[in-house]
Amino acid sequence: MNIIGLGSAGCALATKFEVYPQYNIYKIDSALPFLDDENYFRLEEQDTFEEYEKNTQDLTEFLSTVSGEAVFIVGGGGNTPGASLWILEHIKDCRLHVIYIKPDTELFGEYSLRKERALRGILQEYARSGLFESICLIDNTCVEDVIGNVPVIGYYEKLNGLIANTKHMVNVFQNTPPLVGARLTPLLACRIYTIGIVDVNTGEEKLLYPLDLVREKMYHYAINRKRLEVDGMLAKEIKKQVKNKRKPEVKVSYGIYSTEYKEDYAYCLVYTSKVQLEEKTT
């Protein structure tokens, strides 16, 4: 799978996937070149979001090896993300997924809020129209809540580490048949989603974005192999937990997977068909 990061936030998160051999990493930014990094394209520096949007550059050669499935990562802060749409045009023939990182916007000025909201909305509309396979929304404030207290030094390292590890494991489960359970294919209308961390024992969910109007949920339970061999009640307990998540307007599915990890863990994929622009207030 190919991963393309744009801007400081996109490149920082893309870098975290380099530890996994399954991914080919490409980075695009206007900062100083990454030393000894062949898969880095330096954009001509612009002064505004709109200038990055209008002053296109030819990335045909740089992205010539990108084919098949591709993940485009971009954050909503700064001006460089203005280049998103013309970069995506270079890889439009791929099966394209987007990861959008929403920064903490509480202290943003009006201009910064407007451009962040515009980019977030446009990318979701493109996903809804079928130009992208999906868009995964992640809010850094939600990631921080999952981690807990995060020191200033290494702040984004911690956040990006959690996001990359979570997304990688979800990718693994999405491409592995479960031992028990059946994963439903999301409705075509539900191309907007986020990921949640689930407490295996209590069923408590901590979503990485506060999605509104949830339509579907898919649960991945990663259980220690030895426990799967001896715990005769586990499958029933998980099935009961998943059934309790059902609502008339929300479909649910699940899968149980074997791991060699000592601790059990679980994730959920939460889907909606609604473009997420306004902050959820309830």
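Against the definition (open to solvent by 20 Å² or more (accessible area, probe 1.4 Å) and among the β-branched types (Val, Ile, Thr)), how does Ile138 come out, yes or no? Lay out the reasoning, then the answer.
Values: open to solvent by 20 Å² or more (accessible area, probe 1.4 Å): no; among the β-branched types (Val, Ile, Thr): yes.
For Ile138, the condition - open to solvent by 20 Å² or more (accessible area, probe 1.4 Å) and among the β-branched types (Val, Ile, Thr) - is not met.
Quick one: in the range 41-64, which of the residues that are in contact with a Ser or Thr (Cβ under 9 Å, 6 or more places away or on another chain) and aromatic (Phe, Trp, Tyr) is farthest from Glu116 (Cα to Cα)? Reasoning before the result, please.
Of the residues in the range 41-64, the ones in contact with a Ser or Thr (Cβ under 9 Å, 6 or more places away or on another chain) are 42-46, 49, 52-53.
Retained after the next criterion (residues that are aromatic (Phe, Trp, Tyr)): 49, 52.
Numbers: Phe49: 10, Tyr52: 14 Å.
So the residue we want is Tyr52.
Could you list, in sequence order, all residues of the range 178-211 that are closer than 14 Å to Ile223 by Cα and open to solvent by 40 Å² or more (accessible area, probe 1.4 Å)?
Leu179, Val180, Asp199, Asn201
Does the range 247-270 hold any residues that are open to solvent by 20 Å² or more (accessible area, probe 1.4 Å) and either within 21 Å of Gln174 (Cα to Cα) or hydrophobic (A, V, I, L, M, F, W, C) (or both), and which are they? Even if it seems obvious, please write down each step before you answer.
Initial filter on the range 247-270 (open to solvent by 20 Å² or more (accessible area, probe 1.4 Å)): 247-249, 251-252, 254, 258, 260-265.
Matches in the range 247-270: Lys251, Val252, Tyr254, Ser258, Glu260, Tyr261, Glu263, Asp264, Tyr265.
Cβ-Cβ below 8 Å, separation at least six or inter-chain, first residue in the range 53-73 and closer than 20 Å to Ala127 by Cα and of a type in the set (Gly, Ala, Ser), second open to solvent by 80 Å² or more (accessible area, probe 1.4 Å) and in a loop (DSSP other than H, G, I, E, B): which pairs?
Ser67/Asp93
Considering only residues that are within 15 Å of the chain's Cα centre (by Cα) and small (Gly, Ala, Ser), look in the range 141-166 and name the one that is least open to solvent (accessible area, probe 1.4 Å).
Top of the filtered list is Ala164.
Report, ordered by the first and then the second residue, all pairs with beta carbons closer than 8 Å, sequence separation of six or more or different chains, a first member in the range 146-163 that is closer than 14 Å to Ala9 by Cα, and a second member that is in a loop (DSSP other than H, G, I, E, B) and modelled with pLDDT of 90 or more.
That search, which allows pairs on different chains as well, returns Ile163/Leu208.
The values are calculated or read from the model by the stated rules, or taken from the named source; none is laboratory data. As the structure is a prediction and not an experimental result, all values here were calculated from the model. Heads up, the Cβs are rebuilt from the backbone with ideal geometry, glycines too, and the neighbour counts pull from every protein chain shown. Each accessible area value is taken on the protein alone, full model and side chains, heavy atoms only, with ligands, DNA and RNA left out. Shrake-Rupley method; radii C 1.70, N 1.55, O 1.52, S 1.80 Å.
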